[in-house]
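Comments concern the structure below.
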Amino acid sequence: MIRCEREWYRFEQIIYHPLLRSPTERFHYYIDGLKHLQYVQCAENKNIKDLFTIRWNEKVDIKGAVGDLKGFQCVLSEREYDDNVWGALEFSSNACLDVNDNLFNQEYLTQNEMEEKLSSFFPKLLLQLYTFLIELYTHVDLREHIKEGEEET
């Protein structure tokens, strides 16, 4: 019976799969996903960063992926990021929040453009985040952003 309930829960979460979401919703997934993991870490006293890094034990060349791209390079230079999937997630979340602060008005990126850039840097990252959240029996509810995404289009 528990197995059945668990599988149903996972099935219900398919609506949050990153490949089924709009670019605006995927943009928010970077920010909300990291915040949610940090909340779980505090609330449940788990070392989420270590669990995430063990689950996704891959080296990620963040500097190589970003290159000299304006705005993103400034976010990269503001702090040190681990060269792994967790570092890519932290960088992506910070980039969503800070890239436009480092660009001039005519160069600002929309949420869609920023998400496209981040997806090109780290193509598997949102899928890895989604999988990890589901494995924790939790999710990031993006319903509040669905309305925003529909209004923009």
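Read-outs: derived from the displayed coordinates by stated rules, not from any lab. Bear in mind the structure is a predicted one, so any value in this text is a computation, not a measurement. Cβ sites come from the backbone with ideal geometry, for glycine too, and all protein chains shown count toward neighbours.
Here the 3J(HN,Hα) profile of segment 87-100, calculated from phi with Karplus coefficients 6.51, -1.76 and 1.60 at θ = phi - 60°, is x, 5, 5, 4, 4, 4, 4, 5, 5, 4, 7, 10, 4, 5 Hz, Gly and Pro shown as x. Charge tally around Asp82: other residues with Cβ under 13 Å, Lys/Arg +1 each, Asp/Glu -1 each, net -2.
Distant-in-sequence amide contacts of Asn84, defined by a placed amide H-H separation under 5 Å and a gap of 5 or more residues or a different chain, comprise Val60. Quick one: grab the alpha carbon gyration tensor of segment 23-152, order the square roots of its eigenvalues as a ≥ b ≥ c, and give me rounded if a/c is under 1.5, else prolate or oblate depending on whether a/b is larger than b/c. Oblate, since a/c reaches 1.5 and b/c is not below a/b.
A Förster radius of 25 Å, combined with the Cβ-Cβ distance separating Gln106 from Arg79, puts the computed FRET efficiency at roughly 0.40.
The label point for Leu20 and the one for Asp61, both projected 7 Å from the Cα toward the Cβ, are 3.5 nm apart.
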